[in-house]
1. Give me the pairs: first residue in the stretch 160-172 and at positive phi, second residue open to solvent by less than 30 Å² (accessible area, probe 1.4 Å), beta-carbon distance under 8 Å, and six or more apart or on different chains, which are they?
2. Which of the numbered conditions does Trp207 fail, given that it passes all the others? Conditions: (1) farther than 25 Å from Ser286 by Cα; (2) out of contact with any strand residue (DSSP E or B) (no Cβ under 9 Å at 6 or more places or on another chain).
3. Tell me, which helices (runs of 4 or more DSSP H) lie completely within the stretch 230-301 with 3 or more residues that are at pLDDT 95 or above, among the polar types (S, T, N, Q) and surrounded by 24 or more Cβ atoms within 10 Å (Cβ to Cβ)?
4. Would you mind listing the helices (runs of 4 or more DSSP H) fully within the stretch 345-411 where at least 1 residues are within 21 Å of the chain's Cα centre (by Cα)?
5. Quick check on my filter: what residues within the stretch 168-189 are in contact with a strand residue (DSSP E or B) (Cβ under 9 Å, 6 or more places away or on another chain) and over 20 Å from Trp149 (Cβ atoms)?
6. Which members of the stretch 44-73 meet the condition of being within 18 Å of Leu5 (Cβ to Cβ) and without any contact (Cβ under 8 Å) to a residue 24 or more places away in the chain?
7. Do we have Arg81 as within 20 Å of Trp211 (Cα to Cα) and either in contact (Cβ under 8 Å) with a residue 24 or more places away in the chain or assigned to a strand (DSSP E or B) (or both) here?
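The values are calculated or read from the model by the stated rules, or taken from the named source; none is laboratory data. Computed from a prediction, not measured in an experiment: that's the story for all the values here. Counting neighbours? That spans all protein chains shown, and the Cβs are built from the backbone with ideal geometry, glycine included. Protein only, heavy atoms only, side chains kept; ligands, DNA and RNA dropped before computing areas. Shrake-Rupley method; radii C 1.70, N 1.55, O 1.52, S 1.80 Å.
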Amino acid sequence: MTGFLDAESYARAVLTYLAEPGDVRLGALIRTRGARQVLDAIKAGDVAGSAAQRAMERWRVRLEGIPSAEEVAGFCRSGIRLIHPGDPEWPGQLADLGDAQPYALWLRGTADLRFNCLRSVAIVGSRAATAYGSYVASEVAASVAARGWTVISGGAYGVDAAAHRGALGADGVTVAVLACGVDMPYPAGHRDLLDAIAAQGVIVSEWPPGWNATRLRFLVRNRVIAALATGTLVVEAGRRSGALNSARHARDLNRRLMAVPGPVTSDLSAGCHHIIREWQGVLVTSAAEVIEHLSPLGAPQEAREPAGAAESAGAGESAGAGESAGAGESAGAREGRARTGSRAAAVIDRDELAPETAAVLDALPARGGMGPARVAVRAGLDLRTVMRCLGVLAAGGFAERCDAGWRLRRT
């Protein structure tokens, strides 16, 4: 989309400001009523049903921050474009996410997202990659990119960066799916890398320009990485790595799942071994094996490499919310124990917080303080939910009151 902005595109753009991605209630409303009618209803505060009304309160708290149509068109004229279902560039495979599919996507870069994701592999893994992990991620990315496959990853340190650089070095196309606005250099040390990706591939985000990354947003965006790709390859993922979150999405979406083995003594390979053993992920050791697994008829003979060329991949964030810590007990139940007293901090950790509570925690400042109303705007939740979550966070030792409102608890 260029500087011209139609009503549907503007409505979709505004909805990315009002709701956090993956909100299935909003997705269902858009599916049944259309984006323009849903936006009008949110502005009027008119949605039937008690559950929808609670969600409405959550969306309405951000109404004051929505851009004008001219502002959105200005983004598009500056090199950022917006796509949504029905556009020629929209990847149809995102429909596999159901009502959790993106309302729209913001893009920066030269490559056509839909076309380049038709043959693609997501390479994800640990931020704290070893030399082995970085090497195999870079090598497999370069090899598959040289064969015309697009490399998708998350733009982070470690395996992500190695995968992107490998694809760029082979003059291939790479896609970076971010947990912040496409104009935000996150991490800051990857400004040049992200510019290179935009020049040779495309940067993708569900969040509007100017929005910062939060811990929870990394996990939310992982479903898009998995949905865009033909298959996902994981290397050097710990048991609690964000890469396992991406792998779980790939498994649940019936995408092809692969992992590179590592030393049994390495914590950074424990997640890969779990994928192979428990999730029936395919063990791969080379780019040829990756392509063979992703291609319905196998890799062409000329693309095959000698056995022993160890190449692999991995990326994502050790965002820390990979797997549920306790089988047989929900995160909400564990979180509820935080209400019982000071012992909760020893029972519940950050990875076990319910999504709404985690969103409130992400919104809290480390210094100074913030009133509940401002926290509600930053978290995209209604005030009543925020007050409940603040109580849980305080009981769990994560947050504390201060003169200016609420802040992260000082340790």
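1. Correct list of pairs: Asp171/Ala145.
2. It is condition (2) that Trp207 fails.
3. Working: elements: 242-252, 270-278, 287-294.
Ranges flagged: none.
4. 355-363, 372-379
5. Scanning the stretch 168-189 gives Leu178, Ala179, Cys180, Gly181, Val182, Asp183, Met184, Tyr186.
6. Ser68, Glu70, Glu71
7. Taking the combined requirement at face value, the residue satisfies it.
Per-residue answers, yes or no, for (1) acidic (Asp, Glu); (2) farther than 19 Å from Arg60 by Cα; (3) modelled with pLDDT under 90:
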{"position": "Leu361", "(1), (2), (3)": "no, yes, no"}
{"position": "Met370", "(1), (2), (3)": "no, yes, no"}
{"position": "Val375", "(1), (2), (3)": "no, no, no"}
{"position": "Thr385", "(1), (2), (3)": "no, no, yes"}
{"position": "Leu393", "(1), (2), (3)": "no, yes, yes"}
{"position": "Ala404", "(1), (2), (3)": "no, yes, yes"}
